[in-house]
Each structure stands twice: as C-alpha cells, then as structure tokens.
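Quick notes on the structure that follows.
The values are calculated or read from the model by the stated rules, or taken from the named source; none is laboratory data. All values reported here derive from a predicted model rather than from experimental measurement. Counting neighbours? That spans all protein chains shown, and the Cβs are built from the backbone with ideal geometry, glycine included. With ligands, DNA and RNA removed, areas are computed over all heavy atoms of the protein, side chains included. Shrake-Rupley method; radii C 1.70, N 1.55, O 1.52, S 1.80 Å.
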Amino acid sequence: MSGFSADWLALREPVDALARNQELTAQLIAWRRQPGFLSVLDLGSGTGANLRFLAPWLSDQQYWRLVDADPILLADGATRFANPGGVAVERLCLDLTDSWERLEAVKPTLVTASALLDLVSADWLESLAQCCQAWQAAVLIVLSYDGTILWEPALADDHRVCAWVNRHQYTDKGFGPALGPDAAPALAALLADRGYQVALRPSPWRLGPEHAAMQTALLAGWVDAAQQIGPDRAGELTAWANQRQVWIAQGQSRLTVGHWDLFATLKAA
Ligand SMILES: C[S@@+](CC[C@H](N)C(=O)[O-])C[C@H]1O[C@@H](n2cnc3c(N)ncnc32)[C@H](O)[C@@H]1O
C-alpha cells in the first residue's frame with residue numbers, strides 16, 4: 001500500500017485531464033508522428049490514468065509498461081478499466097526507490113509519469129535523467145506540484161498553511177529527502193545538461209464549487225501535513241480548516257493548485 005487510494009486517484013483523474021498543459025500534449029502528439037513501435041514506461045502509474053489519457057492520442061503499435069509499488073492500485077486498474085484499443089499493457093509491481101537495474105533492460109522510447117515527481121529526491125532524479133539519456137527516450141512528466149495553493153475567498157492563515165504544506169513536501173516519501181515543488185525545474189535542468197530540448201509549462205488545477213469532494217479531500221490532506229510540521233499550532237489550523245469546510249459546503253470555495261508539466265526530447269546530433 002502506498003497511501004494513495006484508488007478512490008483518491010479516481011477523484012483527481014478528470015481534474016488532471018483538464019489541467020494537463022495542452023501545448024505539451026500537442027508537442028507529444030507531433031513527436032509521435034514519427035512512424036514505428038512506441039514503448040512507454042509509466043513510473044508510479046497507479047491505476048493507469050496516464051495510459052488512459054495519452055494512449056488514444058498516440059496511434060497504434062503501443063506497448064505500455066505500468067510500474068507501481070502498490071499491487072492494489074495495479075490490480076484495480078486492470079479489473080476496472082479495459083485497455084485502450086490496440087495497446088499492449090504490462091503491469092509491474094516494483095518499488096522504484098532502488099530498481100533501476102530491473103528497468104535498465106526495458107529501453108522505452110517514451111518515459112512518463114503523472115503526479116509522481118514531487119515525491120522523489122535529487123539522487124533519484126539524477127538516475128532518472130541518466131536512464132532517459134541512455135535509452136535516448138523522450139520524457140513527459142506531468143502534474144508535478146509547484147508549491148502554489150490559492151484559495152478564494154482568502155483567509156489570513158492561507159499563507160501560513162501553504163508554507164507548512166510546502167515544508168512537508170520536502171520530507172522523505174521513500175526516495176530520500178523529497179524535492180517537492182523544486183522537482184520539475186530540477187529535472188528540466190538535468191535533462192537540458194544532457195542534451196535535451198526541454199519545455200516546462202504550467203498545468204494548474206482550477207477547482208470550483210462542483211469539485212467540493214476534491215476540495216474536501218485536499219483540505220484534509222493538507223491539515224494532516226501541516227499538523228506534522230506545526231503540531232503546536234493545532235488551534236489555529238482547526239479554526240482555519242472549519243471556515244474553509246463551511247465555504248466548500250456552501251458552494252462558495254474556489255481553489256487553484258499549481259503544477260508543472262515537462263516534455264523533453266533529445267536534440268538531433
Ligand atoms: C499521486 S499517485 C499518482 C498515480 C498515477 N500516476 C495517476 O496520475 O493517477 C503516486 C503514485 O506513485 C506510486 N509510488 C509512490 N512511491 C513509489 C515507489 N517507491 N515505487 C513505485 N511507485 C511508487 C504510488 O503507489 C502512486 O500510485
């Protein structure tokens with residue numbers, strides 16, 4: 001178990017699909033116009049949201065390897081969703097913290113991940129960039145949190161809670177000290193150093209009253225994270241969260257959460 005439930009991934013999947021940066025999706029589709037077999041490695045795949053979004057845009061002759069440490073999420077994806085037409089899919093239960101040797105034989109043409117990057121450390125990112133270059137693979141990494149949380153209506157403590165959440169972002173999620181909001185720009189720099197042409201673009205969630213369930217889930221997760229960082233401030237946090245929950249229930253709450261999408265291809269030699 002990873003701490004990410006299938007219900008949470010299902011809640012965010014349609015919001016993620018709308019948030020993805022359209023310019024980078026178009027760049028990926030244009031890149032895919034080159035003929036041939038497409039082998040995709042999806043890191044931290046969960047139930048397969050990335051596969052479901054991307055495969056229909058990428059024509060036939062696709063083989064996807066979905067890798068995740070959580071067997072429940074992998075099994076849920078396999079039983080609840082049919083594979084996109086004409087796409088071969090393999091699901092591999094693997095802890096990505098120390099499994100580069102097992103992945104090295106894969107040789108994908110596209111490495112992708114969705115909502116994973118903010119969990120990883122600088123060392124892990126270095127290994128990822130090294131493998132992508134060795135494979136000569138294109139890289140599409142989407143929905144990496146960028147540190148921005150904007151609530152409407154605003155409250156005086158919004159800033160403080162966001163700062164606590166962002167401090168929690170840097171704690172270890174199994175990969176060593178996490179890079180949190182710095183991860184996507186860090187990967188962009190590593191890939192550029194390795195001869196990649198890199199595009200980094202925003203992909204914010206824009207949640208309105210119709211996303212009350214997702215706002216409530218995010219609020220609960222952030223209160224939990226903030227409590228771990230500032231346990232002595234529980235009183236302020238509870239008052240802040242109660243007011244936020246009232247506005248969500250009344251259909252008055254809007255929330256923007258910033259993300260980065262990254263697309264990179266090797267420059268022609
Ligand atoms: C926020 S979820 C995103 C899932 C999916 N990509 C999506 O967009 O719905 C992060 C995923 O990373 C996986 N994960 C976290 N740590 C991992 C590790 N050490 N090895 C493999 N997968 C891991 C979790 O199990 C989870 O499925």
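Can you tell me how many residues in segment 238-269 are touching a Pro at 6+ places or on another chain (Cβ under 8 Å), aromatic (Phe, Trp, Tyr) and under 24 Å from Glu23 (Cβ atoms)?
The total comes to 1.
May I ask you to say which residue of Ala163, Ala156, Ala138 is more than 15 Å from the ligand (Cβ to nearest atom) and either crowded, with 20+ Cβ neighbours inside 10 Å or basic (Lys, Arg) (or both)? Don't jump to the end; show me each part of the working.
Numbers: Ala163 fails: either crowded, with 20+ Cβ neighbours inside 10 Å or basic (Lys, Arg) (or both); Ala156 fails: either crowded, with 20+ Cβ neighbours inside 10 Å or basic (Lys, Arg) (or both).
Exactly one of Ala163, Ala156, Ala138 is more than 15 Å from the ligand (Cβ to nearest atom) and either crowded, with 20+ Cβ neighbours inside 10 Å or basic (Lys, Arg) (or both), namely Ala138.
Being closer than 23 Å to Val67 by Cβ, more than 13 Å from the chain's Cα centre (by Cα) and open to solvent by 40 Å² or more (accessible area, probe 1.4 Å) is the filter here; which residues of segment 11-35 pass it?
Selection gives Leu11, Trp31.
How many residues does segment 174-190 contain that are within 13 Å of the ligand (Cβ to nearest atom) and surrounded by fewer than 18 Cβ atoms within 10 Å (Cβ to Cβ)?
Residues flagged as within 13 Å of the ligand (Cβ to nearest atom) and surrounded by fewer than 18 Cβ atoms within 10 Å (Cβ to Cβ) within segment 174-190 amount to 2.
Closer than 19 Å to Ser203 by Cα and either in contact with a Leu (Cβ under 9 Å, 6 or more places away or on another chain) or open to solvent by less than 20 Å² (accessible area, probe 1.4 Å) (or both): which single residue out of Leu54, Leu66, Leu38 fits that description?
Details: Leu66 fails: closer than 19 Å to Ser203 by Cα; Leu38 fails: closer than 19 Å to Ser203 by Cα.
Result of the check over Leu54, Leu66, Leu38: Leu54.
Could you list, in sequence order, all residues of segment 97-113 that are within 21 Å of Ala264 (Cα to Cα) and open to solvent by less than 20 Å² (accessible area, probe 1.4 Å)?
So in segment 97-113, the residues within 21 Å of Ala264 (Cα to Cα) come out as 100, 103-104, 106-113.
Scanning segment 97-113 gives Leu103, Pro108, Leu110, Val111, Thr112, Ala113.
Looking at (1) open to solvent by 20 Å² or more (accessible area, probe 1.4 Å); (2) of a type in the set (Phe, Trp, Tyr); (3) at pLDDT 95 or above; (4) within 29 Å of Lys267 (Cα to Cα), which is the one condition that is false for Trp8?
For Trp8, the failing item is (4).
Considering (1) modelled with pLDDT of 95 or more; (2) within 13 Å of the ligand (Cβ to nearest atom); (3) more than 25 Å from Asp182 (Cα to Cα); (4) assigned to a helix (DSSP H, G or I), say which one Leu128 fails and leave the rest.
Against the list (1) modelled with pLDDT of 95 or more; (2) within 13 Å of the ligand (Cβ to nearest atom); (3) more than 25 Å from Asp182 (Cα to Cα); (4) assigned to a helix (DSSP H, G or I), Leu128 comes up short only on (3).
Let me confirm something: among Arg102, Arg65, which residue is more than 23 Å from Asp182 (Cα to Cα), at pLDDT below 95 and of a type in the set (Lys, Arg)? Lay out the reasoning, then the answer.
Numbers: Arg65 fails: at pLDDT below 95.
On inspection, the qualifying residue turns out to be Arg102.
For segment 1-112, give me every one of the strands (runs of 3 or more DSSP E) that falls completely inside it and has 1 or more residues that are over 18 Å from Trp135 (Cβ atoms) and either in contact (Cβ under 8 Å) with a residue 12 or more places away in the chain or within 12 Å of the ligand (Cβ to nearest atom) (or both). Full working, then the answer.
Numbers: elements: 38-43, 62-68, 87-93.
So the answer is 62-68, 87-93.
Only one of Leu128, Leu116 is of a type in the set (A, V, I, L, M), open to solvent by less than 30 Å² (accessible area, probe 1.4 Å) and closer than 30 Å to Leu207 by Cα; which? Walk me through how you get there before you give the answer.
Details: Leu128 fails: closer than 30 Å to Leu207 by Cα.
Being of a type in the set (A, V, I, L, M), open to solvent by less than 30 Å² (accessible area, probe 1.4 Å) and closer than 30 Å to Leu207 by Cα holds for just one of Leu128, Leu116, which is Leu116.
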